[in-house]
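The values are calculated or read from the model by the stated rules, or taken from the named source; none is laboratory data. Bear in mind that the values here come from a model prediction, so they are computed numbers and not experimental data. Heads up, the Cβs are rebuilt from the backbone with ideal geometry, glycines too, and the neighbour counts pull from every protein chain shown. With ligands, DNA and RNA removed, areas are computed over all heavy atoms of the protein, side chains included. Shrake-Rupley method; radii C 1.70, N 1.55, O 1.52, S 1.80 Å.
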Amino acid sequence: MRFSYTTAGTLRVAEKLRECLREPPAWSNHGKLPYHLDACQARVIAQSHKGASVLEIGCGGGQLRSWVKNLGLQYWGSDISAMRVDRYLRAYGGADLFADAHFLPIQEDTIDIVYSAAVTEHLACPVLAFQNVFRALKPGGYFLGNCSFLETWHDASYFHMTPLGVMEVLEATGFG
């Protein structure tokens, strides 16, 4: 895949950032949530239609799997490696798909929700990975997640983005 970059999107980033930083209502019926999942993300997932597909990129042990399946949704966990997952995390079932987020082997317009927590900083080219997420999502689908913020070093990491950096990458990859 290739991407091009123009400054046209940059002019809208500040406005979009203000819109995105208005935190949506949290889901109050959640009880204890899986590791990294926040109440706003939980609300989006929980309010999806029955049978909706959720792809977790960088799923590690697959800790989100049972929570998603208990909602009546389909879950696929994707990770690049089984070796980097600690033994205790394997109890959750691990990845269903071993793939590099830069080259997701997912058909276009097939996934309702893509979730990724603390993964973006480990991507060598976030733009390419986000393009693949955009390609895999159905129109109107959701891309939920978080990013490491300005850490000096975090276990083989490449990019630690600010909120404006995230907005730029999203704008450059079609999410604008």
Output for Cβ contacts, cut-off 6 Å, separation at least six or different chains, first residue assigned to a loop (DSSP other than H, G, I, E, B) in the range 93-114, second open to solvent by 20 Å² or more (accessible area, probe 1.4 Å), reads G93/R65; A95/D79; D96/W76; A99/P105; D100/I80; E108/R135; D109/K138
Conditions (1) open to solvent by less than 50 Å² (accessible area, probe 1.4 Å); (2) more than 21 Å from P34 (Cα to Cα): number failed by Q107: (1)
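Please specify each residue of the range 34-45 satisfying the condition of being open to solvent by 30 Å² or more (accessible area, probe 1.4 Å) and either farther than 26 Å from P105 by Cα or in a loop (DSSP other than H, G, I, E, B) (or both). Even if it seems obvious, please write down each step before you answer.
The first filter runs over the range 34-45 and keeps only residues open to solvent by 30 Å² or more (accessible area, probe 1.4 Å), leaving 35-36, 38, 43-44.
Answer for the range 34-45, where residues must be open to solvent by 30 Å² or more (accessible area, probe 1.4 Å) and either farther than 26 Å from P105 by Cα or in a loop (DSSP other than H, G, I, E, B) (or both): Y35, H36, D38, R43.
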